[in-house]
Amino acid sequence: MNVRESYVRECTETVHMLAKEYLTSPFNVLEMFAGSGSIYTKGFVDFSEKIIGYELNKELQAAFEQNITNGQFIQANSIEKLMNDEFQRDLIDSNINIISIDNPLGQYNGDFFENFQIMDHIKNVIPLNQKSILCLNLVKTPYHPERHGEWINRRSEFFRDNGLNVNLDAAVNTYISLLELQEIKILDYRAVLREKHEGIDYYYMLFVVVEG
Ligand SMILES: C[S@@+](CC[C@H](N)C(=O)[O-])C[C@H]1O[C@@H](n2cnc3c(N)ncnc32)[C@H](O)[C@@H]1O
């Protein structure tokens, strides 16, 4: 049996609620991992003015433009762009105040794991001198861990835990501490369940209201 329950709607509704409380409209989104937008990013369409989506795979452009009617698809390697500190222009030009990082889970692009390496450079995608909302994936309990030895090892290092079933509060603190280390001011945050797998809450999103 492979039963998944998705709560993506609750995730984007939480962002909308936080945006109304803390940000000045219009709400403009930058998604570093756009895909076709069909799973989660489409949940921003109804309450945002513009969504800029970065995606490596050009073949997803047509589907993205169909799903994200207020979207702009940019084919690029967003991790390289982040590490080269090339996002500030977009943040200013498009008046971005919601930054979403819907990275692939597990290992991808060679030696990348979840958002672990991205977190070291996160300041490069936070708008300066304003409030914004950062949306992050947080995997609590990977399923089929036996198939992913290296990933689990990297999770143990990142969370300083066993990597298989991390404590949610401690995992949230790991992310919050990494933001604070980069002198990003935290105004509020929420962890929201995104998906269950066979009844297990394996995957959350962490929404952080920040001031860069
Ligand atoms: C989890 S999916 C995104 C799902 C999408 N946000 C949605 O709501 O449907 C991750 C996407 O990241 C893309 N990707 C992986 N590495 C990337 C990179 N370095 N730069 C840009 N996109 C990348 C993959 O091609 C994949 O489409």
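In the condition set (1) over 24 Å from ILE122 (Cα atoms); (2) more than 9 Å from the ligand (Cβ to nearest atom), ILE52 is compliant with all but (1).
Of the helices (runs of 4 or more DSSP H) that lie entirely inside segment 6-109, those containing 1 or more residues that are of a type in the set (Lys, Arg) and surrounded by fewer than 19 Cβ atoms within 10 Å (Cβ to Cβ) span 8-22, 78-83, 88-93. When we screen TYR204, TYR143, TYR175, TYR189 for residues that are touching a residue at least 12 places away in the same chain (Cβ under 8 Å) and assigned to a loop (DSSP other than H, G, I, E, B), the only hit is TYR143. Tell me, yes or no, whether segment 116-131 has at least one residue that is farther than 30 Å from THR24 by Cβ and under 14 Å from the mean Cα position of the chain (by Cα). Checked against the condition, which is being farther than 30 Å from THR24 by Cβ and under 14 Å from the mean Cα position of the chain (by Cα), segment 116-131 yields at least one hit. Whenever a residue of segment 48-76 is without any contact (Cβ under 8 Å) to a residue 40 or more places away in the chain, its partners that are more than 8 Å from the ligand (Cβ to nearest atom) and in a loop (DSSP other than H, G, I, E, B), lying with C-beta atoms within less than 6 angstrom and at least six residues away or across chains, give the pairs GLU49/PRO26; ILE51/ILE68; ILE51/ASN70.
All conditions in (1) in contact with a strand residue (DSSP E or B) (Cβ under 9 Å, 6 or more places away or on another chain); (2) surrounded by 15 or more Cβ atoms within 10 Å (Cβ to Cβ); (3) among the hydrophobic types (A, V, I, L, M, F, W, C) hold for PHE116, with the sole exception of (1). Note on segment 64-107: among residues that are among the small types (Gly, Ala, Ser) and over 30 Å from GLY149 (Cβ atoms), the one that is nearest to the ligand (Cβ to nearest atom) is ALA76. Any residue at all in segment 33-40 that is more than 10 Å from the ligand (Cβ to nearest atom) and over 16 Å from LEU134 (Cα atoms)? No, segment 33-40 has no match at all. In segment 187-212, the residue that is nearest to LEU128 (Cα to Cα) out of those that are surrounded by fewer than 15 Cβ atoms within 10 Å (Cβ to Cβ) and touching a helix residue (DSSP H, G or I) at 6+ places or on another chain (Cβ under 9 Å) is LEU187.
Report yes if some residue within segment 159-168 is buried (at least 16 other Cβ atoms within 10 Å of the Cβ) and outside any helix (DSSP H, G or I); otherwise report no. Among the residues of segment 159-168, at least one is buried (at least 16 other Cβ atoms within 10 Å of the Cβ) and outside any helix (DSSP H, G or I), which makes the answer yes.
Here, each number is a calculation from the coordinates, and none is a lab measurement. It should be emphasised that the depicted structure is a prediction, and the values quoted were computed from it without experimental measurement. As a convention, Cβ positions derive from the backbone with ideal geometry for all residues, glycine included, and neighbour counts pool all protein chains shown.
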